[in-house]
Amino acid sequence: MERILRILEENARISLEDLAAMTGKTTEEVARQIDLWQEQHVINGYKALIDWDKVDTQRVQAIIELRVSPKRDCGFDEIAATIARFDEVDSVLLMSGGYDLSLVLSGKSFQDIALFVAKRLSPLDDVLSTATHFVLRTYKKDGVLYGLEPADERELL
């Protein structure tokens with residue numbers, strides 16, 4: 001059944017019939033398993049990967065490193081949940097190393113993100129420090145090449 005997850009991760013638009021044919025299961029078995037995974041939050045959504053640089057829209061993305069003070073009973077979970085509720089925040093990841101949380105944010109301008117950090121993020125009691133890095137260009141995201149033609153495997157031989 002893990003094969004279903006791997007196929008969906010590559011192409012969330014694949015039909016149940018194709019999934020069944022690829023895995024040797026019936027369409028009903030595949031549908032039941034996907035429903036179960038959705039209920040268990042193994043599958044948490046389906047998303048298109050958009051190359052926003054090719055769309056005529058104002059969009060800036062930033063990665064923010066946060067050092068935070070963990071709580072005695074819940075560690076980093078409470079502050080991470082608080083930050084995850086902000087609309088500007090796309091991702092919150094607990095990290096090892098030099099900082100505690102990594103955030104991915106989207107905004108309309110560099111100033112929007114800077115103001116979010118200054119007025120909403122930094123004032124939180126548990127936030128000790130922030131370091132903001134603006135994304136200038138995306139070359140590859142979630143295993144997908146952006147703006148680059150994939151290499152012809154025949155040329156690599």
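The values are calculated or read from the model by the stated rules, or taken from the named source; none is laboratory data. Since the model is a prediction, treat every value here as computed from it, not as a measurement. Positions of Cβ are generated from backbone atoms using ideal geometry, with glycine treated the same way; all protein chains shown enter the neighbour counts. Quick note on the areas: whole protein, heavy atoms, side chains included, nothing else; ligands and nucleic acids left out. Shrake-Rupley method; radii C 1.70, N 1.55, O 1.52, S 1.80 Å.
Brief remarks follow.
For (1) more than 24 Å from Arg137 (Cα to Cα); (2) surrounded by 11 or more Cβ atoms within 10 Å (Cβ to Cβ); (3) under 21 Å from the mean Cα position of the chain (by Cα); (4) among the small types (Gly, Ala, Ser), each residue gets a yes or a no:
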| position | (1), (2), (3), (4) |
| --- | --- |
| Glu2 | yes, no, yes, no |
| Ala31 | yes, yes, no, yes |
| Leu36 | yes, yes, no, no |
| Glu65 | no, yes, yes, no |
| Val89 | no, yes, yes, no |
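- Among the residues of region 50-73, those identified as under 17 Å from Leu128 (Cβ atoms) and among the hydrophobic types (A, V, I, L, M, F, W, C) are Ile64, Leu66, Val68.
- Within this structure, Asp112 fails the test of being open to solvent by less than 50 Å² (accessible area, probe 1.4 Å), of a type outside the set (A, V, I, L, M) and either out of contact with any Ser or Thr (no Cβ under 6 Å at 6 or more places or on another chain) or within 21 Å of Asp77 (Cα to Cα) (or both).
- Given (1) closer than 30 Å to Ser122 by Cα; (2) open to solvent by 70 Å² or more (accessible area, probe 1.4 Å); (3) of a type in the set (Ser, Thr, Tyr), index of the condition Ser69 fails: (2)
- Check on Phe110, closer than 27 Å to Leu145 by Cβ, in contact (Cβ under 8 Å) with a residue 12 or more places away in the chain and of a type in the set (Phe, Trp, Tyr): yes
- Among the residues of region 127-142, those that are at pLDDT below 95 and either open to solvent by 60 Å² or more (accessible area, probe 1.4 Å) or within 20 Å of Phe76 (Cα to Cα) (or both) comprise Leu136, Arg137, Tyr139, Lys140, Lys141, Asp142.
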